[in-house]
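Notes for the one structure printed next.
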Amino acid sequence: MYFFFFKGKHLTLVVQKKESYKVEIGSGECLISELRNDTIVCRPPSKKPNPKSGDGEKLIIRVKVARLTIAVGEAEYIGDFNYTPVIIVVSLIVFIVLVVGGLLLNYYYRRKNRKEINKMVMEMKEMEEQTKEDGKEEFADMQLMFGHLKQYIGTSGVPYHEYQKYIIKVLFQGKETAVHALLTDGELNDNVRAALDSFEALLCNKFFMKSMIGTIEKQKKITMPDNVVEYLLSALVEKNKKQQKVLFNRFENITLRLLINWLSICVFPYYQSGGASSLFVLYRAIETVVEKRPADHITGDAKNTLSQDSFLTEKVEFKAIRLLVDFDKDGKEIPCDVLDCDTISQVKHKCLRQIFMHQNKPASQMPSIEDINLEWRMGDRGKHILNDIDLTSLQEGSYIKMNTLRHYNVKDNTKIILSYKFSPDQDDSHCGKTVMKETRNFRAEILYKPLFQVNIHLYFQVKEVDDEGNTLNRRNIAQVHLKMGKGLHITSLMHTKMNCHQFYGTVFSTLDGLGDKNNVDQETLQCWKSECYAIRIWSILTEHPDLLFDIDKPKHVDWCLQSIRQLLLDCFHSTKITKDSSLQKLLFAAEIPEYQRKVQEFFSAMSAADPLPTNQFIEEMTSISNVRGWIFCEFM
């Protein structure tokens, strides 16, 4: 778009309206867009106009003001410029540049991705090689550990709880049983004595006894006390005919609780005869493998785990070291294997467990780590008491990281003393120059005040709360690198369970009879047996082996035991593994079908076994009752 500018003087002095001016170019008109006192601005025609007659071929520019016309010059049109070729050429150039740029970028990123893929492949190969090496080392360690365990079991036996303690733990799971009357030696305290006196008075009440006996007599089919459970089961099945398949999936009534408690008590002699030794070996194997690599002292997350929810995602450098431990200053140095990334509490626990296993002593005789000092012999510099937190602890904002052996620069074959804390001031007398009274006061301020009062959060590898005290979400992992010796031990456990016929054979025969009576299909019968046998008995012992064994179960082992328990449950159900199954199931995808086959063999063997004679069963029940009665009598 072009404009003509005509200069003049006093243009608006006489004629002020723009309409009074007119600019002509040949026969065309130049449209006036602006009129000023000294300038006229107009826009010429976009196409060349024709010349006026008499001007020849010239395009004379004329400015008219009212009746006055003045020729001010000539205009020349060079011609209409065609922009189409220019646009095409520019577009083509831009397109070529974009294509070439895209190809170059694609080549660059493909080359970069190829490098990253090659790097990832190399890392995976290195990881694979490292995993193989770790696997070989851990396999060798496991074989040595199995040998030690077998030798330990052969010489000292499996550390079972005493009968009375086992019963209390089974009947009152999750309850504090340390002060229970059956676990207390000596005379009964006043409260228990008063409760027993009240119960005796109740039994002497004629109305109560008459009501109880009358209720029992109304049940004509009850001919002897040992038939109570069988009768109640029969009544329960008949009452719930519409929900037979899920009958034993619930714990909603006394009958089911009575059945499970009865089975748990009856099977204890079989446990003691060696029936649960495989479960103990399984637990020790899991505990050993988990502790071969780092485990978070606070959260329980571990590098070696069977659960994706408890996988320790943080990268932790560690080194296995051996400490020469003198327990209670008896002069005997016992080698104990730990990690240099272990907290002081973890080191205490590992050393105590290894020492007591070496001495063939159960975990119940172990002192609490809170009652033990860990002293580092430092040669001429004396002894240094190591603590989880002290003045040297690393503090990040509101976080205090727990001390480790690496923090104190403890090396391999270091001599350590585990000694009892006899007085609160013992720390000051053994710390030497490196531990002062302020250290103890600082530690006491953190340990013995509620954390929310001092706004301090302890952590080891994983921070569970942020700076505002909000709980952080746990991260799930898409891959778990370890399968902990499950094949050998769970197969052995299944084989052990297949040998348990004495009590479960009687119960299963009863369930078969109830099934025939009520026209129950075989699948439902197997559901009943699985619930009574695997889910209510063995799965609980698998997850809580401390119910049966005298052991001190650490927190980081719980997740693995839960995974083994879930595996056991899957084996007793028709679980099908697909690509959409959870990682927990995929971890054992190759083993579950084999274990399910063994379960079917177990049920087939139980069905084919001869029923236990009634008189033999009654004799066994009488024997168990007499043992239980003797335990009660010794406290009366």
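The values are calculated or read from the model by the stated rules, or taken from the named source; none is laboratory data. All values reported here derive from a predicted model rather than from experimental measurement. FYI the Cβ positions are ideal-geometry reconstructions off the backbone, even for glycines, and counts take in every protein chain you see.
Do we find a residue being among the basic types (Lys, Arg), buried (at least 20 other Cβ atoms within 10 Å of the Cβ) and in contact (Cβ under 8 Å) with a residue 40 or more places away in the chain anywhere in region 370-379?
No.
Across region 375-419, what is the total count of residues that are of a type outside the set (Gly, Ala, Ser) and assigned to a loop (DSSP other than H, G, I, E, B)?
Looking only at that region, the number is 19.
Since Lys47 meets every condition but one in (1) of a type in the set (Lys, Arg); (2) surrounded by 10 or more Cβ atoms within 10 Å (Cβ to Cβ); (3) not in a strand (DSSP E or B), which condition does it not meet?
It fails just one condition, (2).
All but one of (1) within 18 Å of Leu547 (Cα to Cα); (2) modelled with pLDDT under 55; (3) of a type in the set (Phe, Trp, Tyr) hold for Phe251, so report the exception by its number.
(1)
Restricting attention to region 70-86, and to residues there that are more than 24 Å from Thr12 (Cβ to Cβ) and at pLDDT 85 or above, which single residue is farthest from the chain's Cα centre (by Cα)?
Checking each candidate, the answer is Glu74.
State whether one or more residues within region 289-304 are part of a helix (DSSP H, G or I) and either at pLDDT 75 or above or of a type outside the set (A, V, I, L, M, F, W, C) (or both).
Yes, region 289-304 has at least one match.
All but one of (1) over 28 Å from Lys350 (Cβ atoms); (2) modelled with pLDDT under 75 hold for Lys576; state the number of the condition that does not hold.
The one condition Lys576 does not meet is (2).
Can you pull out every residue in region 56-69 that is of a type outside the set (Lys, Arg) and either in contact with an Asp or Glu (Cβ under 9 Å, 6 or more places away or on another chain) or within 29 Å of Thr12 (Cα to Cα) (or both)?
Matches in region 56-69: Leu59, Ile60, Ile61, Val63, Val65, Ala66, Leu68, Thr69.
Anything in region 293-322 that is in contact with a helix residue (DSSP H, G or I) (Cβ under 6 Å, 6 or more places away or on another chain) and farther than 11 Å from Trp559 by Cα? List them, or say none.
The answer is Ala295, His297.
Would you mind stating whether Ile551 is closer than 24 Å to Phe268 by Cα, in contact with a Pro (Cβ under 9 Å, 6 or more places away or on another chain) and crowded, with 20+ Cβ neighbours inside 10 Å?
Taking the combined requirement at face value, the residue satisfies it.
Here is a check on your reading of the model: is Glu375 among the charged types (D, E, K, R) and more than 25 Å from Lys411 (Cβ to Cβ)?
For Glu375, the condition - among the charged types (D, E, K, R) and more than 25 Å from Lys411 (Cβ to Cβ) - is not met.
Among the residues of region 302-345, what is the count of those that are surrounded by 20 or more Cβ atoms within 10 Å (Cβ to Cβ), closer than 16 Å to Lys401 by Cα and either in contact with a Cys (Cβ under 6 Å, 6 or more places away or on another chain) or among the charged types (D, E, K, R) (or both)?
So the answer is 2.
Going through region 554-597 one residue at a time, which ones are among the charged types (D, E, K, R), farther than 30 Å from His297 by Cβ and surrounded by fewer than 17 Cβ atoms within 10 Å (Cβ to Cβ)?
Residues satisfying the conditions are Lys576, Lys579, Asp580, Glu594, Arg597.
Return the residue satisfying two criteria in turn: it lies in region 330-345 and is assigned to a loop (DSSP other than H, G, I, E, B) and either in contact (Cβ under 8 Å) with a residue 12 or more places away in the chain or not assigned by TED's automatic domain parsing to the domain that holds Leu418 (or both), and of such residues it is farthest from Glu375 (Cα to Cα).
Of everything passing the filter in region 330-345, Cys341 is farthest from Glu375 (Cα to Cα).
Suppose we keep only residues that are in contact (Cβ under 8 Å) with a residue 60 or more places away in the chain and assigned to a loop (DSSP other than H, G, I, E, B) within region 346-369. Which one would you say is surrounded by the fewest Cβ atoms within 10 Å (Cβ to Cβ)?
Asn360
Which ones in region 7-24 are under 17 Å from Ala66 (Cα atoms) and either touching a helix residue (DSSP H, G or I) at 6+ places or on another chain (Cβ under 9 Å) or not in a loop (DSSP other than H, G, I, E, B) (or both)?
Result: Leu11, Thr12, Leu13, Val14, Lys18, Glu19, Ser20, Tyr21, Lys22, Val23, Glu24.
Does Ala194 satisfy being surrounded by fewer than 19 Cβ atoms within 10 Å (Cβ to Cβ) and either modelled with pLDDT of 55 or more or charged (D, E, K, R) (or both)?
When the stated conditions are applied, Ala194 passes them.
Could you please let me know if Leu418 is buried (at least 18 other Cβ atoms within 10 Å of the Cβ), touching a Lys or Arg at 6+ places or on another chain (Cβ under 8 Å) and closer than 20 Å to Glu287 by Cα?
no
Give me a count of the residues in region 265-301 that are small (Gly, Ala, Ser) and buried (at least 23 other Cβ atoms within 10 Å of the Cβ).
2
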